[in-house]
Amino acid sequence: MVFYECVVTTRNTTNFVQLTNLVKSISHKVVGNGGLVRSIQNHGIRNLPQRFKAKYADREGNRYYQKGRFFSIYYDANPKIQKEVDSILKMDEQVLRNTHLKVRNKLWYVNIAKEDKNPYIQKVMDMEK
């Protein structure tokens, strides 16, 4: 299992029910396939760094957005599930952008079985030489 962070930017006009359904569908996909959702964080509505264009215009005819709602989902899953989550996000018309990041910390290096990629094992091997 790989630890992922998914940062999602949606339209600022998206209502609570649509956002809840999106997060629930992602969570059910991850948990249903043996993954684990660690955290969901809402970062609120913020100004976008540049004007974002939506796939389709909304009911008022807006297609370009200066503000967006940001939220993050942290989960453990295999890469196949990550691609399925990405396809769910691409299919949703409320999503403006999304990014998946593979989160790594120092414990990740400890668990690596390959000695040539583990910096801590490399230090010990260099000290023995």
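The values are calculated or read from the model by the stated rules, or taken from the named source; none is laboratory data. Small disclaimer: the values here were computed from a predicted structure and weren't measured. Positions of Cβ are backbone-derived with ideal geometry, glycine not excepted, and every protein chain shown enters the neighbour counts. When the accessible area is computed, the model is the full protein with side chains, heavy atoms only, and any ligands, DNA or RNA have been set aside. Shrake-Rupley method; radii C 1.70, N 1.55, O 1.52, S 1.80 Å.
Values as computed for the structure displayed
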read-out	value
Around K55: net Lys/Arg minus Asp/Glu count, Cβ-Cβ under 13 Å	+2
Length released on extending from M127 to S39, taking residue separation times 0.36 nm less the Cα-Cα span	27.7 nm
Largest to smallest accessible area among T9, T20, T99 [probe 1.4 Å]	T99, T20, T9
Label point distance in nm, Q66-S25, each placed 7 Å from Cα along Cα→Cβ	3.0
Charge sum, other residues only, whose C-beta stays under 11 Å from I45's C-beta, Lys/Arg counted +1 and Asp/Glu -1	+4
Per-residue SASA entry for V23, accessible area with 1.4 Å probe, Å² rounded to 10	30
Computed over the chain, Cα set: Rg, Dmax in Å	18.9, 70
C-alpha long axis of helix 79-91 to longest principal axis of the chain, angle in °	10
Area of V103 that stays accessible when all protein chains are in place (1.4 Å probe, Å², to 10)	50
Residue-averaged 222 nm ellipticity for the chain, from DSSP H runs of 4+ at -39500 (n - 2.57), nearest 500	-10500 deg cm²/dmol
Net +/- balance of residues flanking Y64 in space, Cβ distance below 9 Å, scoring K and R +1, D and E -1	+3
Within the chain: Cβ-based charge dipole about Cα centre, in debye rounded to nearest 20 (Lys, Arg +1; Asp, Glu -1)	400
Set K29/K123; K24/K67; K102/K129 screened for pairs whose C-alpha atoms are more than 30 Å apart	K29/K123; K102/K129
